[in-house]
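Participant: Can you read through this structure? Questions will come right after.
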Amino acid sequence: MADRPRSQGFYSVGLASRLTGIPRRTLNDWHLRGIVQRDLAITDSDGRYLQGYSYYRLTLLKIVRAVRDGRYDLATAAKALDYLYERFGPPENWPDKRVHVWKSNIYADGSDEWGVTEATLQGQSVETRLMGELFEELRAEDGASILVPRQFRPHVSIHPDVMGGQPVVRGTRVPTATLAALMNQRHTVSEIARMYPFIGKESVAMAMEYEQFLDGIKTAA
């Protein structure tokens, strides 16, 4: 069984909503229904108790949103996906894995010593190759995070061990939100690139575009 890195990264409900495009009320509903629950808690500098998501749970939110958009049963899919994580590790390790259904049972198989293993006996139903399109995305780019849309991956990355899991300019520790804040202060792309000469104008511009993308991906519950 994979060692699940629950302590890596901390994503507040607000940040999780922004990165996944899932409205807060939907996140709250999924938490209460046990579909994808918050698995971390911290006390901030003001002594407030805050619940949030680990990097693992954030990736699961992204996947479950895709499942929802595909009109699959959420509770069933979340359970099968959670099982895939237990068996194969993070989603980045899943490109050649499959979920199958036979009668009322769910199975997962992949190229490991487990062979074909039953996922649940709860009578749910999941489509064969449930996450086919996301698997193809992950196969295309080794080590890519599904949290970052493909068009931004050459310039933006998210990793739980870098800046607390915030989106950063790829290969650096500079959050894309920092560059966006400078832009909001009326700095130009050229000026920001001079402030961060190790980044380059293209990456600055793409970081700006990524932040604008995050601002526009909210969907109805």
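What follows is calculated from the coordinates using simple rules that are stated; it is not laboratory data. Please read all numbers here as calculations on a predicted model, not as lab measurements. Cβ: placed from backbone, ideal geometry, glycine included. Neighbour counts: every protein chain shown.
Participant: For GLU191 and VAL162, calculate 0.36 nm times their separation in residues minus their Cα-Cα distance, and state this gained length in nm to one decimal.
Facilitator: Residue separation times 0.36 nm, minus the Cα-Cα distance, leaves 7.9 nm.
Participant: So what is the orientation-averaged projected area of region 148-221, using the convex hull of its C-alpha atoms, in nm²?
Facilitator: Seen from a random direction, the Cα hull of region 148-221 projects 5.4 nm² on average.
Participant: Follow-up question, since we're still on this one. Give me the percent relative contact order of region 148-221, please, defined on Cα pairs under 8 angstrom at least 6 residues apart.
Facilitator: Here the relative contact order equals 27 percent.
Participant: OK, next. Sort SER17, SER12 by Cβ crowding within 10 Å, fewest neighbours at the top.
Facilitator: Ranked by crowding around the Cβ, least crowded first: SER12, SER17.
Participant: Please order ARG48, ARG194 by the number of other Cβ within 10 Å, starting at the fewest.
Facilitator: Ranked by crowding around the Cβ, least crowded first: ARG48, ARG194.
Participant: Could you put GLU211, GLU202 in order, starting from the residue whose Cβ has the fewest other Cβ atoms within 10 Å?
Facilitator: Fewest to most other Cβ atoms nearby, the residues stand as GLU202, GLU211.
Participant: Quick one: Cα centre-to-centre distance for region 27-50 and region 156-209, in angstrom?
Facilitator: 28
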